[in-house]
Every structure is written in structure tokens, then in C-alpha cells.
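J.: Here's a structure for you.
The values are calculated or read from the model by the stated rules, or taken from the named source; none is laboratory data. Source: prediction; values computed, not measured. No Cβ is skipped: glycine too gets one built from the backbone with ideal geometry, and neighbour counts run over all protein chains shown. Accessible surface is based on the protein model in full, side chains and every heavy atom, while ligands, DNA and RNA are left aside. Shrake-Rupley method; radii C 1.70, N 1.55, O 1.52, S 1.80 Å.
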Amino acid sequence: AALRLVPLQTVEISAATCEQNRVLLTDQHLREYPQAAAAYRLLRGKVQQDLRRNKWFSLAVSSPTPDDGKTTTVLNLALSIAREKQRTVCVLDLDMRNPTVFRYLGLGDVRSVGEYLAGDARPEDVLVQSSIPNLILAGASSPVDGASEMLASHRFEELIGYLHLRWPDVIVLDIEMPRMDG
């Protein structure tokens, strides 16, 4: 069956909110923080090399504790890839106990990826085209109950498959490390 390409909702990323969260969205941000911009370009090159060499199309970024900079890294890496205009990058915020991607970008009224994983939405209902060309987003605005079970379901695999078919370039996952404290 052919993949039916449904247009996605477009959302406007807030430059002011990005600045507060150290997300290098605008050319001005890149000029104000040249060392950080250079570091993310270097990271982009290394990641893209590894993706090509290993024939991977996704990358997961996690951290052992909250506030380690995981979401900042995910967003700045994804923006660096999207800026090249050669690849589409999809960011999935799968840290559903503490979702921050939408908050860091100043996005509000977007359907939760949890709705898709629960079987209550289609992929195109929870995926959004950002105001940055080549940057697709999905996530949640508030915590989602049963996140671990949802991520272990066939719906998660189907979502990754859908993304890879529609945008076969790069998927960057912002994902929570499982708790080991019982």
C-alpha cells in the first residue's frame, strides 16, 4: 500500500523561549554563542558520519538524571542538521514523564504523541512541521501515564516505521532513562 502523505499542522517556534532555554534557533543566537554553535556543528558532523557508516537513521539521546542538558542537546543537534537543508530531521520527545521539547520551543496546542501510542490518533495527528524547514516534531505538553508500556508497544515501532518511510533521513529521540531505584 502506498503511503498517503497528509499535510502536517505547522507550528511557530518562539525565538524568545528558545533563547531562555539555550536553544540556538536564530542567526542572532548563533552569532551570540559562536562556541556553542561550533560545538553543535562538530557534533552534527560526527553524528552524521556515524549514521552513514552504520546505515542508521535514528539516534537516541538520554541522561541519567534530570536537568543534564539532554533536551538542549537534542534540539540544537536537530536544528544544526535541519539548517543544512539537505536532510529532514524528526525530533520525538519520548521522555513522557517529563516532556520538555515543546516547552523549550514555546509550543502549546499540539496533540500528544501519547495519544498515538494509546491508539487514539494517527501519526499525522501528532506530528507537526515546525516553522524551521526540515524540522518535524512530536512529543507531549504534559506527563503521560503508562509511558513505559506505550513505548514497548507495537504502536511505537509503527510510528518509527512511518517516520522512516515519510522522512528517511534522521530521527532524534529525546528519551528518559529507566529508573533503577525500584
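J.: Positive end of the charge dipole of region 39-137 (Lys, Arg +1 and Asp, Glu -1 on Cβ, about the Cα centre): tell me which of N76, Q49, V128 has its Cα farthest that way.
T.: Farthest towards the positive end: Q49.
J.: Does region 1-98 come out rounded, prolate or oblate, given a ≥ b ≥ c as the square roots of the eigenvalues of its C-alpha gyration tensor, rounded meaning a/c under 1.5 and, failing that, prolate meaning a/b above b/c?
T.: Cα axes put region 1-98 in the rounded bin.
J.: Report, ordered by chain and residue number, the aspartates and glutamates lying within cross-link reach of K55, taken as a straight Cα distance under 16 Å and ignoring same-chain residues fewer than 8 apart.
T.: Straight-distance partners of K55: D169.
J.: In addition: Give me the percent of the accessible area of the chain that comes from carbon and sulfur atoms, probe 1.4 Å, all protein chains in place.
T.: 51 percent
J.: Mind listing P(r) for region 47-130? All alpha-carbon pairs, 10 Å bins, whole percents.
T.: P(r) for region 47-130, in whole percents per bin: 14, 45, 35, 6.
J.: Within region 29-73, report the trypsin sites (Lys or Arg not before Pro) that DSSP leaves as loop and that have at most 15 other Cβ atoms within 10 Å.
T.: Those that pass, being in a loop and sparsely packed, are K55.
J.: Moving to a separate point now. Scan (1) 15.5, 45; (2) 18.1, 56; (3) 15.7, 48 for the value of Rg and Dmax of the Cα atoms in Å calculated from this model and give just the label.
T.: From the options (1) 15.5, 45; (2) 18.1, 56; (3) 15.7, 48, the structure gives (3).
J.: Let me ask something additional. Give the residue list of trypsin sites (Lys or Arg not before Pro) in region 113-182 that are DSSP loop and have at most 16 other beta-carbon atoms within 10 angstrom.
T.: Those satisfying the criteria are R179.
J.: Calculated from DSSP H runs of 4 or more alone, at -39500 (n - 2.57) each and per residue, what is the 222 nm mean residue ellipticity of the chain, nearest 500?
T.: -12000 deg cm²/dmol
J.: Rounded if a/c is under 1.5, else prolate if a/b beats b/c, else oblate: with a ≥ b ≥ c from the C-alpha gyration tensor eigenvalues square-rooted, which is region 53-93?
T.: Because a/c hits 1.5 or more and a/b fails to exceed b/c, region 53-93 counts as oblate.
J.: Taking only C-alpha pairs under 8 Å that are 6+ residues apart, what is the relative contact order of region 5-127 in percent?
T.: Here the relative contact order equals 33 percent.
J.: Using DSSP loop states and a limit of at most 12 other Cβ atoms within 10 Å to flag GluC sites (Glu not before Pro), what is the longest stretch of the chain containing no flagged site?
T.: 85-182
J.: Separate question: I'd like to check one number: the per residue accessible area of the chain, probe 1.4 Å, reported in Å² as a whole number.
T.: Accessible area per residue, the chain: 54 Å².
J.: What whole number of Å gives the distance from the Cα centroid of region 14-51 to the Cα centroid of region 109-138?
T.: Taking the Cα centre of each part, region 109-138 and region 14-51 sit 23 Å apart.
J.: Near K70, which lysines are there with a Cα under 22 Å away, not counting those fewer than 8 places off in the same chain?
T.: Excluding near neighbours in sequence, the set is K46.
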